[in-house]
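Read the structure below first, then the notes.
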Ligand code: UDP
Ligand code: MG
C-alpha cells in the first residue's frame, strides 16, 4: 500500500460486540474518500475477543493495521499509541462504539481541505445518556474553561481530525499525563468545530467507569491549570482575615465589655475542624501536582506493546 492520505485511529477496549459493525461502517466511508485510507485499531489490553477479531480483520484487509498494548493503559494512552504509528497526512481519532458517527468524516475532511489543521467534533446533545452523566459533563467543561490557561472548547471529546503537522507535535511531547483534547487545543494552528448529535453506544457497556472519568477530569484540570495551587494562598488569606477580626473582637470585649463571657469550646472546635479540612484539601491538591511530577520524572515509557500488525518499524 502507498502512503495513505487518511489515517483512522480507533482505541478498542472490550468492544467485541461493536467491531464488526464498526468495520462495516468505516469501510463504507473509507471507500468514498478521495484518497487512500488506513485503519489503525489499537487494542487496549482487551480481555474479550476484540484482539482476535482485530487480527482477523488485519489478515483480510491490507488497509487495516493494529497495535496491541500489553495491558489496559486507558483510552488516552491508547490513542497516543495510535498517533505514534499513523502514516497519513490527515489523522482522524474516533471511538469504537459508534457514538462518533463515521459519516461526519466527510464534513471534517472538507474543513481540513479548506486549510484547518484541527477539526474537532462538538456535541450538540447527548441523547439517551443519563442526566447524571450529562450534568457532570456539562459542569466539568465549564469549570475547565474557567480554570484552564488554554481555551479548551466545551463539549468536545477526542473525536477529531488533525493534520500531520499537529500529530507530529503531539508525538514529540514527552508528557505522560496525556489529556489529548487539551493538548490538541494547546498546540494552536487553525482550529474549527463541526457539530453532531452524539448517538448512543451501538452495543456493549461504557468502558469509562466513574473512576476513570474522574481521573480524566482531574487530569484535564491539573494538566492545564495552576489555579488550584493558589487556592491554599487564598484560603490562608481568608482565614488570616477571620483570625484578625476575632482578635480585634476579643480585645474589644476585654477592654470595653469585660462582663461578656468569651465563647470558648465550640468556637475552638469549629475553627480546628475548619482549618484541619482546609489544610488537608490543600495538601491533597499539592499531591495531585506532585504525583504528576513524579510520573514525569520517572520517565517510563508511556505504554508497552505486545503485538503489532502492518508496521515496518515497531520501535516506540
Ligand atoms: N477505551 C479504551 N481504553 C479504556 C477505556 C475505553 O481504549 O480503558 C476506548 C473504548 O473502547 C471506546 C473509547 O475508548 O472506543 C471510549 O470509551 P467509552 O465509549 O466507554 O466512553 P465514553 O467516552 O463514551 O463515555
Ligand atoms: Mg462511548
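A short reminder: the numbers here are calculations on the coordinates, not readings from a lab. None of the values given here were measured: they were computed from a predicted structure. A quick note on method: Cβ atoms are made from the backbone with ideal geometry, for glycine too, and the neighbour counts reach across all protein chains shown.
Observations on the structure shown:
- Take the convex hull of the alpha carbons in region 253-316; its mean projected area over all directions comes to 9.0 nm².
- Cα-derived Rg to Rh of region 104-145, Kirkwood definition: 1.14
- What the Cα atoms of region 57-114 give is an Rg and a Dmax of 13.3, 39 Å.
- Where both bridge residues fall in the chain, DSSP classifies roughly 35% of the beta bridges as antiparallel.
- Here the residues 186, 112, ranked from fewest to most Cβ neighbours within 10 Å of their Cβ, fall in the order 186, 112.
- Rounded tilt (10° steps) of 131-147 against the dominant C-alpha axis of the chain: 70
- Which of 95, 219, 151 has the fewest Cβ neighbours within 10 Å, and the rest in rising order: 151, 219, 95
- Taking the longest Cα principal axis of the chain as reference, the axis of helix 19-32 is set at about 70 degrees.
- Each of residue 147 and residue 226 was given a label point 7 Å from its Cα along the Cα-to-Cβ line. The distance between the two points is 1.6 nm.
- Extension gain, residue 215 back to residue 202 (0.36 nm per residue minus Cα-Cα distance, nm): 2.2 nm
- Tilt relative to the chain, helix 50-60 - C-alpha long axis, 0 to 90 degrees, to 10: 30
- Relative exposure of 226, 89, judged by other C-beta atoms within 10 Å (fewest first): 226, 89
- Beyond 27 Å, the tail of the calculated P(r) for the chain holds 51 percent of the Cα pairs.
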